[in-house]
Amino acid sequence: MQTEAYLETSPKKSHYAFSAARENALHFDEQLDRLIDIAHQLILNKGVFHLQIHFAASQLTCWTFDNPYNYQVYQAEAVFDDNFQLLFSTLESNLYSTINKTQVLPVLKALKFLRERPEGSELRNASLHIMNGLVGLSFACDDTRYINFKELLV
């Protein structure tokens with residue numbers, strides 16, 4: 001892969017690429033409670049049926065009922081802006097949901113727990129799809145899996 005070869009040729013380039021990515025991740029990591037609250041509101045009240053939290057890049061990707069074929073990627077600065085949720089139409093997501101409204105927050109909190117836990121591999125990326133109930137998890141050890149949301153609530 002060309003990117004790997006590029007990084008291997010220069011320790012300075014490699015250090016910059018990986019340290020810069022980790023510095024950005026601190027933004028989400030420092031405000032995980034707020035991020036979980038925003039994600040919860042987007043799912044319950046703003047028509048988001050599928051979201052992906054990319055912790056390592058501090059990006060939130062959203063798919064909405066009113067535009068399901070196009071997703072939007074938001075950087076941490078946008079997500080934490082006070083007017084962020086105004087970008088979305090008010091639309092309750094429970095109409096098509098496999099996941100009950102009361103189960104959304106516990107699932108999101110479980111993702112937060114997996115990100116914060118000191119033991120085990122680092123959770124780098126997580127997604128929640130409320131229509132089919134699947135949760136995607138990607139860990140730093142190259143382990144990626146999709147599970148039913150109920151497995152996080154046990």
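Bear in mind these aren't lab numbers, they're just calculated from the coordinates by the rules spelled out. The shown structure was predicted, so the numbers you read here are calculated from the model rather than taken from an experiment. Every residue, glycine as well, gets a Cβ built from its backbone with ideal geometry; the counts of neighbours run over all protein chains shown.
Summarising the label geometry, the points placed 7 Å from Cα in the beta-carbon direction at Leu153 and Asp81 lie 3.4 nm from one another.
So how much slack lies between Asn45 and Phe113, counting 0.36 nm per residue of separation and subtracting their Cα-Cα distance, in nm?
On the way: separation 68, 0.36 × 68 = 24.48 nm, distance 2.36 nm.
Taking Asn45 through Phe113 to full extension adds about 22.1 nm, to one decimal.
Values of log10 I(q)/I(0) for segment 30-132 across q = 0.15, 0.18, 0.20, 0.24 Å⁻¹ run -0.57, -0.83, -1.03, -1.45, by the Debye formula with one identical scatterer at each alpha carbon and no solvent.
Normalised by residue number, the volume inside the convex hull of the Cα atoms of segment 71-112 is 122 Å³ per residue. Label-to-label distance for Tyr71 and Asn100 is 2.8 nm, based on points extended 7 Å past Cα in the beta-carbon direction.
At 0.36 nm per residue, and after removing the present C-alpha to C-alpha distance, how many nm does the segment from Cys141 to Leu91 gain when stretched out fully?
Values: separation 50, 0.36 × 50 = 18.00 nm, distance 3.73 nm.
Here the segment from Cys141 to Leu91 would lengthen by 14.3 nm.
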